[in-house]
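So the structure is just underneath, and the comments pick up after that.
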Amino acid sequence: MSRITSASFFLTLAASFSTLADNSDISHTISAKPLKENVIISKNGSRPWVTGAESNFTGTVRVEPLFTQPKSPVRTTVGHVNFEPGARSAWHTHPLGQTLVITSGSGWTQEWGGERKTVHAGDIIHCPPGVKHWHGATASTGMSHLAIQEGTPEGKNVEWMEKVSDQQYDNES
């Protein structure tokens with residue numbers, strides 16, 4: 001996996017916003033009348049945390065859905081995910097890729113067939129489309145991250161697979 005620096009991530013993000021700004025007349029191509037939307041503020045503490053599904057996670061995982069029902073043409077979803085020590089996701093892929101921003105603690109991530117890598121608060125992980133991987137806390141330290149992914153036009157943003165075995169998690173051959 002190639003390393004993406006914070007600077008390059010934010011430059012890419014800025015370029016994306018610039019491209020959107022250059023296409024400011026997109027609403028006219030979608031419908032005859034301009035779309036009118038209001039700014040929505042989701043207050044801190046107003047979004048309930050949910051327990052990560054047992055079929056998709058091992059250990060104690062809590063997810064705060066920051067925005068999960070985007071309005072067209074936006075298809076990006078974001079969740080704040082908290083892993084207690086020893087907790088991790090199952091193996092999975094994302095049809096359009098995923099970016100993780102580690103916000104606290106230390107964790108591990110692994111690409112199928114690759115070595116387990118350690119990540120820390122401030123690190124950013126980019127997983128390309130279709131790459132099988134998992135991520136979670138280390139055995140002794142919790143970890144939180146923002147999970148950012150785009151969904152397909154049909155709304156699919158993840159394909160869950162088998163759970164990560166204890167042997168895989170413990171990095172045993």
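Can you confirm whether residue 89 is of a type outside the set (D, E, K, R), under 20 Å from the mean Cα position of the chain (by Cα) and modelled with pLDDT of 90 or more? Yes: the conditions hold for residue 89. Evaluating residue 135 against the criteria (1) farther than 17 Å from residue 52 by Cα; (2) crowded, with 18+ Cβ neighbours inside 10 Å leaves one unmet condition, (1).
Each row is one residue, and each column tells you yes or no for (1) surrounded by 14 or more Cβ atoms within 10 Å (Cβ to Cβ); (2) under 27 Å from residue 172 (Cβ atoms).
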site: 90; (1), (2): yes, yes
site: 99; (1), (2): yes, no
site: 103; (1), (2): yes, no
site: 108; (1), (2): yes, yes
site: 120; (1), (2): no, yes
site: 124; (1), (2): yes, no
site: 129; (1), (2): no, no
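Scanning for something among the aliphatic types (A, V, I, L, M), modelled with pLDDT of 95 or more and more than 17 Å from residue 102 (Cα to Cα), does segment 135-146 turn up at least one residue? Before you say what the answer is, go through the steps one by one.
Going through segment 135-146, the residues among the aliphatic types (A, V, I, L, M) turn out to be 137, 139, 143, 146.
Narrowing further to those that are modelled with pLDDT of 95 or more: 137, 139, 143, 146.
Next, only the ones that are more than 17 Å from residue 102 (Cα to Cα) stay: none.
No; the residues of segment 135-146 include none that is among the aliphatic types (A, V, I, L, M), modelled with pLDDT of 95 or more and more than 17 Å from residue 102 (Cα to Cα).
Among the residues of segment 145-173 satisfying the criterion of being within 23 Å of residue 62 (Cβ to Cβ) and β-branched (Val, Ile, Thr), which is surrounded by the fewest Cβ atoms within 10 Å (Cβ to Cβ)? Restricting to residues being within 23 Å of residue 62 (Cβ to Cβ) and β-branched (Val, Ile, Thr), the top hit is 158.
The condition (being exposed (fewer than 14 other Cβ atoms within 10 Å of the Cβ) and touching a residue at least 40 places away in the same chain (Cβ under 8 Å)) is satisfied by just one residue among 73, 85: 73.
Taking segment 38-145 as the region of interest, the strands (runs of 3 or more DSSP E) fully inside it that hold 1 or more residues being more than 22 Å from residue 156 (Cα to Cα) are 76-83, 98-111, 117-120, 124-127, 133-137. Look at segment 35-48: where a residue is surrounded by 10 or more Cβ atoms within 10 Å (Cβ to Cβ) and a partner is not polar (S, T, N, Q), sitting 6+ places away or on another chain with Cβ atoms under 7 Å, you get 47/64; 47/65; 47/66.
The values are calculated or read from the model by the stated rules, or taken from the named source; none is laboratory data. The model shown is predicted, which means the values in this text are computed figures rather than measured ones. Cβ coordinates were reconstructed from backbone atoms using ideal geometry, including for glycine residues, and neighbour counts include every protein chain displayed.
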